Amino acid sequence: MNHYFKQKHSAALGIAVCGSGLGTMIFPWIMPYIIHSPMWFDYDGALLTQSAIIFMCVIFGILMVIFEAIVRVNASVRMFRFLYHMNIVKKDG
């Protein structure tokens, strides 16, 4: 969260935690309507819909972790370039 919100970090973290709890509370209430709705394919289609939503959340979580790793690598590269420019570190080779 530090990489995404420089200001109001605690508010962003609070909203994220509330969102996960809200999703946990809403899913059981919505699933009976999805199961008995005529546009879904009975119980199997409802579970497929729920699994698709959860899978999208997992994919976005993985993308956030990858982005954080890229930010850390870029910061390391910038530090190395700065130290190399200041003649503190020598390049091998």
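Out of curiosity, is LYS90 at pLDDT below 75 and either surrounded by 12 or more Cβ atoms within 10 Å (Cβ to Cβ) or of a type in the set (D, E, K, R) (or both)?
Yes, satisfied.
Return the residue satisfying two criteria in turn: it lies in the stretch 18-38 and is among the hydrophobic types (A, V, I, L, M, F, W, C) and surrounded by fewer than 10 Cβ atoms within 10 Å (Cβ to Cβ), and of such residues it is farthest from ILE54 (Cα to Cα).
Top of the filtered list is TRP29.
Could you grab me the full set of residues in the stretch 30-56 that are within 23 Å of VAL17 (Cα to Cα) and free of Cβ contacts under 8 Å to residues at least 12 places away in the same chain?
ILE30, SER51, ALA52, ILE53, ILE54, PHE55, MET56
The values are calculated or read from the model by the stated rules, or taken from the named source; none is laboratory data. It should be emphasised that the depicted structure is a prediction, and the values quoted were computed from it without experimental measurement. Here the Cβ is made from the backbone with ideal geometry for all residues, glycine too, and neighbour counts use every protein chain on show.
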